[in-house]
Amino acid sequence: MTLAHYLTLSGLLFLIGIFGALTRRNIIGILMSIELVFNAANINLAAFNHFRHPGGVAGQAVALFFITIAAAEVVVGLALVLAIYRNTDTVYVEEFSLLKG
Amino acid sequence: MPILTLITFLPIAGALVILCLPKEAEKPIQITALVSAGLSFVLSLCVLYGFDRAQPLMQFMENADWIPSMHVHYALGVDGLSLPLVLLTTFVTVLALISSLGIKERIKEYFFWFLVLEAGMIGVFEALDLVLFYVFWEMTLVPMYFLIGIWGGPKKEFAAIKFFLYTLAGSVFMLLAILAVYFNSTPNTFDMLALMHQHVNWSARFQILVFLGFYFGFAIKIPAFPFHTWLPLAHVEAPTAVSVILAAVLLKMGVYGLMRISYGMLPLGFAWFIKPLIIIATINIVYGALCAMAQTDMKKMVAYSSVNHMGYCLLGIAGLTATGFQGAVMQMITHGIITGSLFLLVGVIYDRAHTRDISAFGGLAVRVPTYAGLMFLACFASLGLPGLAGFISEFFCFLGAFQAWKVYAAVSVLGVLATAAFFLRMMEKVFLGPFNNKWAGLTDMNARELASIVPLTVMTVALGVYPKWALDIMKETLIYMINTPR
Amino acid sequence: MVEHAYLIPLLPFLVSLVILFFFDEDAHSPYAPYLGIATMFWCLVQSLVIFHQASSGAVHPWPYEGSWEWFSFAADSAGKGFSAAMPIGILIDGAAAVMLVVVTLVSLLVQVYSLGYMHGDPRFKRYYAYLSFFTASMLGLVVSNNLLVTFACWELVGVSSYLLIGFWFEKPAPAYASKKAFMTTKLGDCGLYVALLLIWAKFGSFKISMLAVSAATPGVLTPLAATAIGLGILCGAAGKSAQWPLFIWLPDAMEGPTPVSALIHAATMVAAGIYLVAKTYFIYAASPVAMEAVAWIGLITALLAATMALVAYDIKRVLAFSTVSQLGFMLCALGCGGYTAGLFHLTTHAFFKALLFLGAGSVIHSVHTNDMRQMGGLSKKMPVTFGTMFVATLAIAGIWPFAGYFSKDMILERVYGHNQVMFGLLTFAALLTAFYMFRMIFLTFVGDDRDHERHHHAHESPWVMLWPLCLLAFLSVVSGAALAHNGFFEHLVNYKLPEGLMTETLAPRLMPYAVTALVCGSIALSWFFYGRNDFTLAESLKARCSPIFSVLENRYGFDAIFLSLVAFSDRIAKFAFWFDSSVIDQFFVDGWGLITRICAELSGLFDNLFVDRTVDGFGGLSMDAGVLLRSLVTHGQVQEYLMYIAVAVSLFTILILSR
């Protein structure tokens, strides 16, 4: 297992996440896709740490930090989704265009 | 006890208290103003009591760092030149406040600005640091602007803005001059006492330039010809008490600056300007009196007589003699007292008749004898009758100037004649002759008016009969100023 | 009690304040006058004691001087400042002792007389306050040992004169006359002011005794400086003593109450000018030019005023012109080195001129007019007034043994020794004096009554007014002979002239007799014209010489000169004010403001049109671009934005990696 394997994995994961975020209609789906992007980044951090600075723990620590942040973000995101759902009775993103200039 | 700080900032404290009072609380506002100004006056009397008359140098000095990076200090002190002016300021302010009790509109703002004005004026006379001096100097400007612009006569806005801009134009040059002396002193300092010894290092050219800078600021304030035209306008439009302060104290700041700063720090510049100064003094005296002669408005007449009287101050200074200096300082005090009472008296008749036109009256001496008596006394004092305050100061100014400038002093004597002419004409037209029945309902002075004017009248007589105590305060300092090797 | 002489001016001063502030304004309250009279009586007693001491030589050292410090002030000497003392004090010499008696005596009599004359005036107490104040200032002028204090008192008598001339200020004429008097004397005072400045510059002192010593020291006082100082003092004296060309105020000053005219404008204040010249005689002694100027001014005044008196019909104006003329005599005497003669005439003149004025007051009080054409034949109605006034007229005409004979004789003798042309002119003035004075007596008291109504109501004045007249009449008779006896007066005032000014020419022994004979002739002429109840001769003369008469009645046009001077100064004042408000204020100051405003407008315009437009242009451009782009790309879909981001990031990544 070399660094390249890990990076390939994380790259695939990232692309899947982006693809999901761009194509899903359901907001919850989008949120989940964003989690995938996060995790791709986490994998990268851990991998780089392991192969480039074998003694260090900074990468893992930051990854752990990110996981926590992601959890918090999901909480806020789901709360927002719930609020949107309550107001508009829908979770499909194409029906929201409030930001249109 | 930092007594000078207390004198200066008690009015500010009073002003802050007034700011916190509701604007309907008229009585408390008036009482606060009177008490703080009164306390300031009492404290200045304490300074007078503790003042060593035989000591020519600064006394009651206070010194603290203010802006250390620029060597700016908070330095106060009084000597024989400034103490009489501080006393005059606190004294006249109390009386002006008493006469202001008749103000009916926007009382809170009025007294607030008045107290701020007082603090600024006292500060100018006490400051021993040029930056502090400048700050106090400008501090008088803003309150004056509002006092004229809000409580003034029909053309008050124009008068206020003209006063403000004109004076500000002068002080800008003064600021330049202050910076010039700061950067050319070694070590760099704003300390006025230290700067008095710096002139040995300065070239005549530099001193002349700096002198002109200061002179612009001072001449506008004095007001010296040809920078005097704001004065009649401001006086005519200003409310009575403000006119009093303007004439009695504000003009003195210019002469004080000329003596303290221009003479003290820039001997070569001063010597260079001495000839123009005597000419300006003569013009001020004769021309001011002539202009006053042409007036039909009593207040404007008194205003022009101020131009004439400040000319005597300049005359005394231009003699460069101890007698002349004594005359100039004494003239500042007596002019403050006499012209103060004249403005108050004109205000009295204006409050009743709503006109100040000299020819509108006639024979009033029958109807209002007390008023006529006080007015006669003030007018005679102003035209320099011996036994009243104006004579001794005027005479010393002439005496001092005559030793150096015989012709100019002799020409200036004509100004005395013209002064007598316009005052006598005013008295004849207003008080003598057949009674004008239009004014049958005129009442004599009330208690408030008497309370504000009689102290000034008493001082007029006291200083005229026994000028010794006033002369003794300033004498040693002025002799020292003349004798300091230059 | 010469040590307490300072109380003599001080006490009346305090009394005047007390009367002014503590007494009721009650027309009939007798307390204010009594207080004033009592004080003045005390002063008179003190003055008499001092006079006695002075004349008996009981005071050592003589002249007596008592000096205190008034104040000290910063003075200069050779560019160095030092503290100098200004003394205030008393200097009693012979002249001062005489003047003290004259002033207090006349003041006392006038105050008593006024009890009757001013009775019932609504400002009765103020009148007495002013009188006391005047007397105090006059006495201060007399005894002061310091020229500055003398000047101060000099101005104060001017003010009291102003207040008293304008005492009935409800009428326009007194109000105007008081102003005119004050201004005219003030004009003269300007010269005196300059003289004081010169004195300080020359001597560094105002103390008279010190000045006299320095002036006598050779080299201190150059003739030029002495001339300048002397002429300056002469200006002041000419103003105060109503000398040519400043005499115009005195006839107008007759608008004041008659007792005031007697006290101030006949006996005392107008003599102050003469007294001042005498007091500073040491300066004139150093300058022959100033001396000569004094003499000629006096002579011109004596002649002009005497001629003007010839045609006046107002009884008080006749007396006023006569006063001016007599003051001219005194000044002329002083100018000719007749120190004693001048002061002697001052003294005797004070008595008989006060008497004449008080008598005229008595007449006016009785007939209620000043115009002599409406009088006539009053001698039967008012015998005491007539008798006393007749005595005074004899005295002023210079008939032996009345007082005027001795003093006038002394003057003429002195002038004869100095310059015989002057002597001739002055004798002529003396003849005119006799003529117009008797004209006045004839017109007023002799002949038929010309106004029956007034004559019918005429009555003798009350005794309170008459006994001052009698006392003055007594003095008018004896004072001359008594004071001239054995050179008593000369010995008393005793001023030693420097050698050069002593005149050696003695008048001929017959001179007094000749002059007296001429005077008698003049009186006879006067009787011929006015005393025979037949005025045809006078009328025809008047018709024949009407141009001369009108010149005299117009006072030689000096009033017109004064008025045009006033108008001229008014014009200058108007011009100055126009210059001030239009040129300096509106043109330069407001013009400067206008230029600033125009500059501000221009720069504002530039700012608006160019600078701000440019800035706004950039802003507008980016706004427009934004709007354009926005309409191209946005539909408000979040995934669309995300795609743009993704594409952009991808592009950047490719860009970066491809480098």
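Note down the Stokes-Einstein diffusion coefficient of the protein assembly as shown in µm²/s, whole number, using a Kirkwood radius over alpha carbon pairs, 37 °C, and 0.692 mPa s.
Translational diffusion coefficient: 92 µm²/s.
Please report the spacing between the Cα centers of the stretch C:454-486 and the stretch C:354-420 in Å, no decimals.
Rounded to whole Å, the Cα centres lie 10 Å apart.
What are the residues whose amide H is under 5 Å from the amide H of C:Asn146, where those residues sit 5 or more places off or on another chain and H is modelled from the backbone?
For C:Asn146, the qualifying residues are C:Gly89, C:Ile208.
Using 1/(1 + (r/R0)^6) with R0 = 22 angstrom and r between the beta carbons of C:Ile595 and B:Ile279, what's the FRET efficiency to the nearest 0.05?
Given R0 = 22 Å and the Cβ-Cβ separation, E is 0.25.
Using θ = phi - 60° and the Karplus relation 6.51 cos²θ - 1.76 cosθ + 1.60, list the HN-Hα couplings for the stretch C:638-654 in order, rounded to whole Hz, with x at every Gly or Pro.
The phi angles translate into 5, 6, 5, 4, 4, 5, 4, 4, 4, 4, 4, 5, 4, 4, 4, 4, 4 Hz.
Note the direction-averaged projected area, equal to a quarter of the hull surface, for the Cα convex hull of chain B, in nm². Before the final figure, lay out the partial values.
On the way: hull surface 83.8 nm².
Approximately 20.9 nm², given one-decimal rounding.
As I understand it, the dipole of the stretch C:543-659 uses +1 on the Cβ of Lys and Arg and -1 on the Cβ of Asp and Glu, about the Cα centre. Which of C:Phe579, C:Leu651, C:Phe549 lies farthest toward its positive end?
Value computed over the given set: C:Phe549.
Return the distance in nm (one decimal) between the two label points of a simple spin-label model at B:Tyr74 and B:Asp444, each offset 7 Å from Cα along Cα→Cβ.
That separation, rounded to one decimal, is 5.0 nm.
Within the stretch C:576-608, name every residue whose backbone N is under 16 Å away from a label modeled 7 Å from Cα of B:Val172 along the Cβ vector.
C:589-604
Quick one: compute the contact order of the stretch B:1-85, relative version, from alpha carbon pairs under 8 angstrom and 6+ residues apart, as a percent.
Values: 78 pairs, mean separation 24.2, N = 85.
Computed value for the stretch B:1-85: 29 percent relative contact order.
Can you bin every Cα-Cα distance in the stretch A:3-95 into 5 Å intervals starting at zero and give me the percent of pairs per bin, rounded to whole numbers?
Binned Cα distances yield the sequence 3, 14, 18, 19, 17, 11, 8, 5, 3, 1, 0.
Specify the angular offset, from 0 to 90 degrees and rounded to the nearest 10, of the alpha carbon long axis of helix C:511-526 from the longest principal axis of the alpha carbons in chain C.
Value to nearest ten degrees: 80.
If you take each beta carbon of peptide C:569-575 and count the beta carbons of other chains within 10 angstrom, what is the mean?
What the average comes to for C:569-575 is 5.
Please enumerate, by chain and number, the lysines with C-alpha under 29 Å from the C-alpha of B:Lys156, excluding those fewer than 8 residues away in the same chain.
B:Lys23, B:Lys27, B:Lys104, B:Lys108, B:Lys221, B:Lys252, B:Lys299, B:Lys300, B:Lys429, B:Lys438, C:Lys574
Please sort through the DSSP H helices of chain A and keep those with an alpha-carbon extent of at least 18 Å along the long axis and a Kyte-Doolittle average not below 1.6.
Span-like helices in chain A: A:3-23, A:58-88.
Using only Cα atoms, tell me the angle between helix B:107-126 and the longest principal axis of chain B; keep it within 0 to 90° and round to the nearest 10.
Result, in degrees: 40.
What ranking do B:Leu85, C:Leu224, C:Leu346 get, fewest neighbouring Cβ atoms within 10 angstrom at the top?
Working: B:Leu85 25, C:Leu224 10, C:Leu346 28.
Listed from fewest to most nearby Cβ atoms, that is C:Leu224, B:Leu85, C:Leu346.
For the stretch C:168-216 and the stretch C:591-638, what is the separation of their C-alpha centers, rounded to whole Å?
The stretch C:168-216 and the stretch C:591-638 have Cα centres separated by 74 Å.
For chain B, what's the relative contact order in percent, using C-alpha pairs closer than 8 Å and at least 6 residues apart?
16 percent
Can you list the trypsin sites (Lys or Arg not before Pro) in the stretch B:59-135 that are in a DSSP coil and have 12 or fewer other beta carbons within 10 angstrom?
Values: sites: B:Lys104, B:Arg106, B:Lys108; in loops: B:Lys104, B:Arg106.
Qualifying residues, ordered by number: B:Lys104.
Let me know the volume per residue of the alpha-carbon convex hull for chain C, in Å³.
Taking the convex hull of the Cα positions in chain C, it is 310 Å³ per residue.
So how strong a dipole does chain A carry about its Cα centre when Lys and Arg Cβ are +1 and Asp and Glu Cβ are -1, to the nearest 20 debye?
140 debye
Please list, ordered by chain and number, the residues whose modelled amide H lies under 5 Å from the amide H of C:Ser72; skip anything fewer than 5 residues away on the same chain.
Amide H neighbours of C:Ser72: C:Met86.
Taking only Cα atoms, what is the 0 to 90° angle, nearest 10, from helix B:447-465's long axis to the longest principal axis of chain B?
Between the helix axis and the principal axis of chain B, the angle is about 60 degrees.
Using only helices, what value at 222 nm comes out for chain B when you add -39,500 (n - 2.57) per DSSP H run of length 4 or more and divide by the total residues, to the nearest 500 deg cm²/dmol?
Value at 222 nm, helices only, nearest 500: -23500 deg cm²/dmol.
Above 25 angstrom, tally the Cα pairs of the stretch C:30-153 and express them as a % of all pairs, no decimals.
Result for the distance tail: 40 percent.
Calculate the length of the line joining the C-alpha centroid of the stretch C:284-348 to that of the stretch B:115-191, in whole Å.
60 Å
Within 10 Å, at most 12 other Cβ atoms, and a DSSP state outside H, G, I, E, B define an exposed site. Report the longest part of chain B free of exposed GluC sites (Glu not before Pro).
Between the exposed loop sites, the longest stretch runs B:106-486.
A short reminder: the numbers here are calculations on the coordinates, not readings from a lab. Only a predicted model underlies this, so the values are computations on that prediction, with no experimental measurement involved. Please note: Cβ atoms are built from the backbone with ideal geometry, for glycine as well, and neighbour counts cover all protein chains shown.
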